[in-house]
Structures are given as structure tokens and as C-alpha cells.
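Notes follow the structure.
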Protein chains: 2
Amino acid sequence: MQLLKERILKEGRVLPGSIIKVDGFLNHQVDIGLMQEVGKEFRRLFPQKEINKILTVEASGIALAALTALEFKVPMVFAKKAKSDNIEGGLYQCEIFSYTYKKKVTLLLSKDWLKPEDNILIIDDFLANGEALSGLINIVEQSGATLYGVGIALEKGFQKGGAMLRAKGVNLKSLAIIDEADEHAIRFRE
Amino acid sequence: MQLLKERILKEGRVLPGSIIKVDGFLNHQVDIGLMQEVGKEFRRLFPQKEINKILTVEASGIALAALTALEFKVPMVFAKKAKSDNIEGGLYQCEIFSYTYKKKVTLLLSKDWLKPEDNILIIDDFLANGEALSGLINIVEQSGATLYGVGIALEKGFQKGGAMLRAKGVNLKSLAIIDEADEHAIRFRE
């Protein structure tokens, strides 16, 4: 998606360790007009009329997922990250490793809001190692719902998540894939 | 706001301790069409053209704040809740007590995204004791930005937050204020 790539080139910053900061428009301050365009692009890329729910995980995926759900005219549901060992019943759970927090966290989703008859599109802002997405996919499998696809705004193509999910046969579409990033330049996959 | 009140009456559940569960349309699964209507209502209630940014706090406020920002045609920024003691520089910080997690958490917001010239509308889904909102207001004060108002979807009028903020002179508007809730009925303030 040209509009997103141009914005990344214009305002993204690369920190040591190929950390890509896009927190002025994607995941801390959020450009809602841009997210609306991203939502329209996901609607174009995933035209299946059966999709009846958008799934994401807190926190930075929520704004993008909400604007995407607006285009699909369906509800959005977000998995929570457990902050305590005191987890109530009636929840799908999946433990993942969080590279952000450098520890295990548990994704939680109420069984009330994901059912076998649901047709799910997962939306997230970032894909790097794919831990959070694998957790969401695991929760969809637990529920018996059907996964129609995964839409990502920005994929770090030099980390393992994208290749792993595509090898599994997931219908993954990323609007911008960065194959190389250092202090000199950001290079997108063609 | 009649539409929101009707939805609360239809789908809200009251658990022991006057806990109001609205997680089917407001803060776990989210009815995006309803959030769009809520955003339009906030635009009507806060018509000031100077408002140039919507501020909220992760996680459950983000969807509502995003749809509100869409109506205002301005960016949205969300404060993060610190999960570790390892907090980087360049951040506004405010420690609050979280009744959800029953411990202190620190709200964080990058200084890049809140400036003295900003005119802020705070949006959140829930107001109970007012801890998170007081933290957000404190961060706005730290930044030197101007607070134009606070818009809330659902206020628990029998807890102290609303009265405390109004006594402080905050321009607080809640779309539904519940004064009493038990297993028999939910009573809204007129």
C-alpha cells in the first residue's frame, strides 16, 4: 500500500537493532484518516462476504482493527493480555512469549464472543516474530471458528513471523513488508 | 444518549458488587456501528473547533476514542500502562491506583505527541473511581496542553469519580450515568 509505505519512509525512524519506530501515526499516536484508508485496503484484499468479525489483541492493534471493522460493518473483538494469575473461567487462553515485555503473557478471550459459526479476519498493526498472531490463531482454532485471513499493516520481513505463518498456509496479507532497515535506509519488499 | 442506554438495558448484566458487564458491545467485543454513533454524539457535545487531538488510555478506551477521532478528523493518542520498572526517557508519567488490577500502575505518554499548543478532548469508555481519568488529566497538565473536556460513554454515578471531576471544574459529559444497579434493575440519572 503506497500511502502507508510513503508515510513509513517520511516519519518512521530506525533505532539500533532494526527497531522501527512508527509511533507518530500507527501505534502510540494514531493517524485515524490513514487507518481508515488501511481499513478500506483490507476490505479490498479480503472481499469474502462471510467474514463476520474482526479479531485483534490489545493494545496497539485496536485502533486499526476498529477502523477495519467499520469498513466491514461487523463487530471487533480484542484478546486481552493477562496481568495476573487470577484468571476467571469462560475464557479461551493461549500463552505466548512477549518480546516486548521479555516474558510469557497469556492471551484471553471470552468464549461468549467467539463461536464455531464465526468467520474471522485477524488484524494487527505489526508482525515480527509472530508470537501474538500465533496465539490469536490458536484461540480461533480452540473456538472452532473459521479463519479467513490475517491482515497486517507493517511486517518486518527480516524476522521469522511472516515466513512461519505463510508456511502454515495462513492467508496473510501485509500492506508493507520491510526487508531491511538501518540508519541509512528502509527497503521494502517488491 | 438514548441508543446507548437502550443497549445497556438490553445487553448489560449486573454482577454482585454492582459490577456492570457491557463486554458484548463496549469493552471486549465492540459494536463499531454503535461506537460511530457515540463518536458523532461527542462531536455534538464538544463542538469546539480548537480540539486537535483525542486522548485516551489503553486498552478498552481505544476503539471508542478512534471512532470519535474519526468524527473530529484529528489524531488519537493513547497513554500506555507500564508493565515494568524499566521505563525509557522522554515520557510523561503519572502513577495511579488500578482497581481492576488492585495495584499501582504508571500511565506513560511520549512527550513527542502532547505539546503545549495542543487542545485535548479525553475520551474513555468507563468512569467509576476516576483514577485513570485523573492520571490522564495530570499528564495533560504536565504537558502544558489545554483540556477542553472529558467524554465518557458509561459513568457509574454511585462511585466517586464523576462528582470529584465535576467539583474540580472539568467539563465532563457522560452519555449514560447509572445511579443504581442490582440484579433487578439498572436506573439511569435523568
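The values are calculated or read from the model by the stated rules, or taken from the named source; none is laboratory data. Because the structure is a prediction, the values reported are computed rather than measured. Using ideal geometry, Cβ is built from the backbone for each residue, glycine included, and neighbour counts are taken over all protein chains shown.
For the reader, a short list of remarks on this structure follows.
Let's see how each residue does on (1) at the interface with chain A (Cβ under 8 Å from one of its Cβ atoms); (2) part of a loop (DSSP other than H, G, I, E, B):
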position: B:Leu4; (1), (2): no, no
position: B:Val14; (1), (2): no, no
position: B:Gly17; (1), (2): no, yes
position: B:Ile20; (1), (2): no, no
position: B:Met35; (1), (2): yes, no
position: B:Lys40; (1), (2): no, no
position: B:Arg44; (1), (2): no, no
position: B:Pro47; (1), (2): no, yes
position: B:Leu55; (1), (2): no, no
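- Residue within the stretch B:70-82 that is surrounded by fewer than 14 Cβ atoms within 10 Å (Cβ to Cβ), at the interface with chain A (Cβ under 9 Å from one of its Cβ atoms), out of contact with any helix residue (DSSP H, G or I) (no Cβ under 6 Å at 6 or more places or on another chain) and not in a helix (DSSP H, G or I) present: yes
- You will find that of A:Glu50, A:Glu6, A:Glu58, the residue that is touching an Asp or Glu at 6+ places or on another chain (Cβ under 9 Å), surrounded by fewer than 20 Cβ atoms within 10 Å (Cβ to Cβ), acidic (Asp, Glu) and modelled with pLDDT of 95 or more is A:Glu58 and no other.
- B:Gly130 being touching a Lys or Arg at 6+ places or on another chain (Cβ under 7 Å) and either of a type outside the set (Lys, Arg) or within 13 Å of chain A (Cβ to nearest Cβ) (or both): yes
- Check on A:Gly130, in contact with a helix residue (DSSP H, G or I) (Cβ under 6 Å, 6 or more places away or on another chain) and under 30 Å from A:Leu34 (Cα atoms): yes
- Single unsatisfied condition, B:Ala66 versus (1) among the small types (Gly, Ala, Ser); (2) more than 9 Å from every other protein chain (Cβ to nearest Cβ); (3) under 29 Å from A:Leu55 (Cα atoms): (2)
- Residues in the stretch A:99-126 that are crowded, with 18+ Cβ neighbours inside 10 Å and closer than 24 Å to A:Lys160 by Cβ: A:Val105, A:Thr106, A:Leu107, A:Ile120, A:Leu121, A:Ile122, A:Ile123, A:Asp124, A:Asp125, A:Phe126.
- Filter result (in a strand (DSSP E or B) and crowded, with 21+ Cβ neighbours inside 10 Å) within the stretch A:127-151: A:Leu127, A:Val150, A:Gly151
- Number of the exception - A:Cys94 against (1) at pLDDT 90 or above; (2) within 12 Å of chain B (Cβ to nearest Cβ): (2)
- Failed item in (1) touching a residue at least 12 places away in the same chain (Cβ under 8 Å); (2) within 11 Å of chain A (Cβ to nearest Cβ); (3) under 25 Å from A:Glu37 (Cβ atoms); (4) in contact with a helix residue (DSSP H, G or I) (Cβ under 7 Å, 6 or more places away or on another chain), with B:Ile51 passing the rest: (2)
Quick grid of which residues meet (1) in contact (Cβ under 8 Å) with a residue 60 or more places away in the chain; (2) in contact with a helix residue (DSSP H, G or I) (Cβ under 7 Å, 6 or more places away or on another chain); (3) hydroxyl-bearing (Ser, Thr, Tyr):
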| position | (1), (2), (3) |
| --- | --- |
| B:Glu37 | no, yes, no |
| B:Lys40 | no, yes, no |
| B:Thr56 | yes, yes, yes |
| B:Tyr92 | no, yes, yes |
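- Residues of the stretch A:152-190 that turn out to be part of a loop (DSSP other than H, G, I, E, B) and over 27 Å from A:Lys115 (Cβ atoms), as a count: 10
- The residues listed here are B:Gly161, B:Gly144; of these, the one that is within 12 Å of the chain's Cα centre (by Cα) and over 19 Å from B:Leu64 (Cα atoms) is B:Gly161.
- Selection of the stretch B:97-132 for residues being modelled with pLDDT of 95 or more and among the aliphatic types (A, V, I, L, M) yields B:Leu107, B:Leu108, B:Leu109, B:Leu114, B:Ile120, B:Leu121, B:Ile122, B:Ile123, B:Leu127, B:Ala128, B:Ala132.
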